Each structure stands twice: as structure tokens, then as C-alpha cells.
1. Given axes a ≥ b ≥ c from the Cα gyration tensor, I'd like to know whether the stretch 1-82 is rounded (a/c under 1.5), prolate (a/b larger than b/c) or oblate.
2. Check GLY134: other-chain or 5+ apart residues with amide H under 5 Å from its amide H, H built from backbone geometry?
3. Shape call for the stretch 39-146 from the C-alpha gyration tensor, a ≥ b ≥ c root eigenvalues: rounded (a/c under 1.5), prolate (a/b greater than b/c) or oblate?
4. Within straight cross-link reach of LYS89, meaning Cα distance under 17 Å, which lysines are found once same-chain residues fewer than 8 apart are removed?
5. What's the angle, to the nearest 10 degrees (0 to 90), between helix 107-122's Cα axis and the longest principal axis of the chain?
6. Stretch LEU56-ILE2 to full length: gain in nm at 0.36 nm per residue minus the Cα-Cα span?
7. If contacts are Cα pairs under 8 angstrom and at least 6 residues apart, what is the relative contact order of the chain in percent?
8. Only loop residues by DSSP count here, and only those with at most 12 other Cβ atoms within 10 Å; note down the trypsin sites (Lys or Arg not before Pro) in the stretch 45-146 that meet that.
Amino acid sequence: MIRIFDYIFYRTYIAYLKANESGQLISPLYLGLCLFFFFIPLSSIIADMMRGDNALYFKGVVAIYCLVIFVPVYIRYMRKGKTRELIGKFSNCSLNRIIPTWCFFLVLPISVVVGVTGAILVSKYIVDPCGLTGIWYPFFANLFGN
């Protein structure tokens with residue numbers, strides 16, 4: 001799985017370099033956004049379970065979710081020498097000639113569609129029928145004070 005992320009980073013990095021953009025900053029952001037939207041169904045379950053009178057807990061779950069997604073991606077790809085390592089690893093890859101670069105820019109729209117659809121389905125068919133909305137709210141309200 002990590003190899004797929006590395007390859008997506010590599011191809012978007014090279015594409016941004018050819019467009020005279022800062023690939024070192026934009027490519028991890030692109031990959032982070034893809035992961036962010038792809039895993040929205042998981043975060044929506046947790047966020048719906050925390051939903052209650054105080055919106056602060058819900059916002060806290062969203063903030064933690066963003067940190068859990070974006071910080072590891074930036075730590076992995078902003079390390080010194082990681083970009084050179086990936087260029088050396090994938091520069092002679094046969095997939096470079098088979099898969100056009102524009103296909104890698106379809107990953108984000110596809111992950112948005114999959115993530116949002118998954119979140120809607122999870123909310124409609126798991127959280128609401130099972131009565132999970134706000135089930136963790138009393139625990140956190142007592143723990144942190146309301």
C-alpha cells in the first residue's frame with residue numbers, strides 16, 4: 001500500500017516540476033487530500049458518535065482526523081533525501097510509459113466520490129439505524145465538563 005502512495009507522490013511530484021510548481025509542497029498535500037476524502041466514512045462514524053449539544057467535540061474529532069492524515073504524509077515525504085530516493089526508485093519504472101500522468105490527477109475526484117458516498121451510506125445504513133448518533137457524547141461531556 002505504501003508503494004502505491006509513493007508512486008502517486010512520485011508521479012504528481014514530476015508533473016508539478018514540469019509545470020514549474022513546487023512539487024515538494026503540493027504533492028504531499030495532494031496525496032493527503034486523497035487519503036482525507038477516502039477515509040471520510042471512518043471519520044464520519046466517529047464524528048456522528050460524538051455529536052451532541054456541544055459542537056466543540058465534533059470539531060475536535062475533525063481536527064484530530066486532519067492531523068492524523070496530513071502530519072504523517074508530510075513527515076514521510078518532506079524528509080531529507082526521500083524525494084531523491086523515490087526518483088531513483090521509480091524513474092525507470094515501466095508504469096511511467098504505460099499510465100499517463102493525467103490518470104494520477106483522477107485519484108482525488110475518485111476518492112472524493114468514494115469517500116462522500118461511503119459517508120452517506122455509513123450514516124444512512126449503520127449510524128442512524130443502530131442509534132449510534134451521540135452515543136459517546138455523554139462520556140466526553142462528563143470527562144471534559146460541559
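1. Note, shape of the stretch 1-82 comes out prolate.
2. MET49, MET50, ARG51
3. oblate
4. LYS80
5. It works out to around 20 degrees.
6. The LEU56-ILE2 span can extend by a further 16.1 nm.
7. Value for the chain: 39 percent.
8. Answer in residue order: ARG79, LYS80.
Here, each number is a calculation from the coordinates, and none is a lab measurement. Keep in mind it's a predicted model, so treat the numbers as computed, not measured. A quick note on method: Cβ atoms are made from the backbone with ideal geometry, for glycine too, and the neighbour counts reach across all protein chains shown.
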